[in-house]
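Taken together, the values in this text are just the output of simple stated rules run on the coordinates, not laboratory data. From a predicted model like this one, the values you see are computed outputs, not experimental measurements. Here the Cβ is made from the backbone with ideal geometry for all residues, glycine too, and neighbour counts use every protein chain on show.
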C-alpha cells in the first residue's frame, strides 16, 4: 500500500528560529508555529491554537534563521515526522514535527490589517451526553 504524507500550515512563529549545523555541516533550523483556528459556536466567537514544531534543512534553513523572527507569519509545506529517542535515564520519548520542504515568508502585518472576523465559520453544537456514553 502506498502512503501519502503532506502537511500545509499557515501560522505565526512563537519564538525566534534556532539555527545550528549538523556534524557534516548541513544547516538546520527549528521553530514553533502557532496555527489559529477561529470559528463560531452558538453565535459566540471561539478560537483554538495548535502549536507545531517545524524543522528546516539546507539553504532554506539559513534563510529562515536570517529573515524570520518571533511573531512573523509563514506558510509551511512539508511532511509529518515522528522522532523517537531515549533519555539518559532510559525513558522512551517521541514527538511529532513537520519537516518543511518549502517555507514562504508572509508579509509583515500592519496595525490595521486583519480582524479575523471573515475567517470564522459556524461550528455545530455537540450534545455532550452523546459523547460521554
Here the FRET efficiency for residue 99 versus residue 42, based on Cβ atoms and R0 = 25 Å and rounded to 0.05, is 0.05
So, relative contact order of the stretch 46-101 in percent, Cα under 8 Å, 6 or more apart, is 43
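Would you please classify the overall shape of the stretch 1-51 from the alpha carbon gyration tensor, given that a ≥ b ≥ c denote the square roots of the eigenvalues, rounded means a/c under 1.5, and beyond that prolate means a/b larger than b/c while oblate covers the rest?
Values: a/c = 5.88, a/b = 1.74, b/c = 3.39.
Oblate, because a/c is 1.5 or more while a/b does not exceed b/c.
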Bridge orientation stat for the stretch 7-109 from DSSP, antiparallel percent rounded to 5, came to 95
Once residue 70 and residue 21 are pulled to full extension, the length gained, defined as 0.36 nm per residue separation minus their Cα-Cα distance, is 15.6 nm
Percent relative contact order for the stretch 7-109, counting Cα pairs under 8 Å at least six residues apart, stands at 30
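From the Cα gyration tensor of the stretch 7-109, with a ≥ b ≥ c the square roots of its eigenvalues, which class applies: rounded if a/c is under 1.5, or else prolate if a/b is larger than b/c, or else oblate?
Details: a/c = 2.42, a/b = 1.33, b/c = 1.82.
Since a/c reaches 1.5 but b/c is at least a/b, the shape of the stretch 7-109 is classed as oblate.
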